[in-house]
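Shown next, in structure tokens, is the structure this report addresses.
Each value in this text was obtained by applying a stated rule to the coordinates, not by laboratory testing. Source: prediction; values computed, not measured. Reconstructed Cβ throughout: ideal geometry from the backbone, glycine too, with neighbour counts over all protein chains shown.
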Amino acid sequence: MKKQSIAILTSSRADYGIYLPLLKKLVKHDEFSVRLVVFGMHNLDSFGMTKSQIIKDDLAPIDTIEGMKDGDSAQMIVQNYGRLILSFADYWSTHSYDIIIALGDRFEMSAAVQSIIPFQVPIAHLHGGETTLGAIDNTYRHQISLASTLHFTATEQFSQKLKCFVQEPKNVLTVGALSLDGILDIALPAWSEVRRQFKIPNKKFILITVHPETLDYNRNIEFSYELKQALVHLVGQFHLVITGTNADTAGSIFINCFKELKNKYPDQISLIESLGKANYFAAIKASEMLLGNTSSGIIEAASFGKYVVNVGDRQLGRLQSDNVFNVPFKSSAIVETVNLLYKKSDFKGVNIYHISNSSGLIINHLKNYLLEKNEEFPRSFD
């Protein structure tokens with residue numbers, strides 16, 4: 001019997017890390033033939049050339065899609081979107097799959113998905129139905145959902161939202177956040193090993209990831225100034241471990257801000273483009289708290305018992321566990337909230353995004369969908 005071919009679209013270190021529990025299980029199933037389609041930030045030196053980690057992991061064969069260049073202006077984002085669509089048009093014309101898996105809400109992922117539509121290959125979308133009112137990704141996420149056939153959501157509330165506007169509500173399935181699948185059973189590297197690898201001093205630290213506000217991007221200079229003032233206050237109290245910024249409009253504003261701080265406080269700040277999933281989780285676990293506006297603060301941090309200072313509106317509208325404290329891009333508010341949370345013991349509450357065995361649920365739904373699809377449209381050449 002012919003194996004069912006699955007392509008997994010990955011455009012950044014973030015979605016690749018989320019995919020890992022699913023990918024590791026999929027490749028062990030004899031009925032599936034899995035291929036990773038690697039593009040976007042993975043292929044850029046400025047974002048750590050994270051394709052090299054995928055090659056090193058060697059979990060599945062990969063195809064590389066070029067077409068994205070450095071640059072974070074609105075014009076460059078549109079040009080990259082167009083270049084990716086053209087590159088993917090050539091790829092889909094010579095590669096056929098039974099189903100394609102896409103995750104999240106990045107503009108690169110949207111470009112890949114939009115290019116699939118004329119080829120009429122079913123798409124399974126993870127993390128649809130969510131809301132992030134402070135980011136243009138909110139629009140890209142809904143675009144991807146509208147183009148998709150299967151929908152694997154993180155909470156029942158997201159499922160109910162999707163069922164209101166997708167063509168087949170029965171194909172909307174609540175599976176939890178994939179990144180939390182077995183999260184407490186992962187054999188994380190010792191923090192001492194991670195520190196040595198990335199030359200991080202043995203001090204109490206805050207883990208920081210900040211992306212630009214892409215809907216109100218003209219204010220990012222103001223936001224970066226306020227954040228910079230807050231971090232200047234905090235370097236006397238904590239070491240700051242700052243991870244890379246996404247390839248979003250005006251992202252270079254924050255990158256330059258962090259570089260300036262690193263030059264001024266070389267011993268109190270560690271700038272790391274990409275830790276990798278296991279190392280990043282080890283960093284969350286070892287940190288005093290998280291600070292920034294990244295989805296990892298909203299989704300993963302609660303499972304490690306960590307509080308989060310969520311800055312600005314990028315994650316506005318997203319469901320949050322009780323470990324998340326929202327503050328504006330105001331220096332005084334950021335510093336005050338950090339000091340408040342530092343006095344607290346570890347967070348003991350529930351992570352609202354957790355459902356056991358997310359990857360197993362996804363695989364079972366994929367099997368059932370592909371079985372029904374093949375019975376409806378049998379292949380005479382199988």
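Values computed for the structure shown
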item	result
Relative contact order [Cα under 8 Å, 6+ residues apart], the chain, whole percent	16
Under 15 Å, Cβ to Cβ, from Phe165 - net charge with Lys/Arg +1 and Asp/Glu -1	+2
Label point distance in nm, Arg196-Asp70, each placed 7 Å from Cα along Cα→Cβ	3.3
Mean Cα-pair separation over length for region 185-342, i.e. relative contact order, pairs under 8 Å, 6 or more apart, %	26
Stretchable slack from Lys2 to Asp45, in nm (0.36 nm times residue separation minus alpha-carbon distance)	11.6 nm
Sequence-distant residues sharing a close amide H with Asn357 (under 5 Å, placed H)	Gly182
Cα long-axis angle, helix 107-116 against the chain (0 to 90 degrees, to the nearest 10)	0
Bins of 5 Å, starting at 0 and running to the largest distance - Cα pair percent for region 185-342	2, 9, 20, 23, 23, 15, 6, 1, 0
Burial ordering of Arg35, Arg314, fewest other beta-carbon atoms within 10 Å first	Arg35, Arg314
Peptide ranges 280-286, 294-300, 235-241, 338-344 listed from the most packed, as the mean C-beta count within 10 angstrom indicates	294-300, 280-286, 235-241, 338-344
In degrees, nearest ten, helix 331-342 long axis to first principal axis of the chain (Cα)	80
For region 7-147: rounded, prolate or oblate by the Cα gyration tensor [a/c cutoff 1.5]	rounded
Rounded to 10°, Cα long-axis angle of helix 251-264 versus longest principal axis of the chain	40
Over 36 Å [Cα-Cα, the chain], rounded percent	20
Under-5 Å amide H pairs with Ser321, H placed in peptide plane, nonlocal only	Ile352
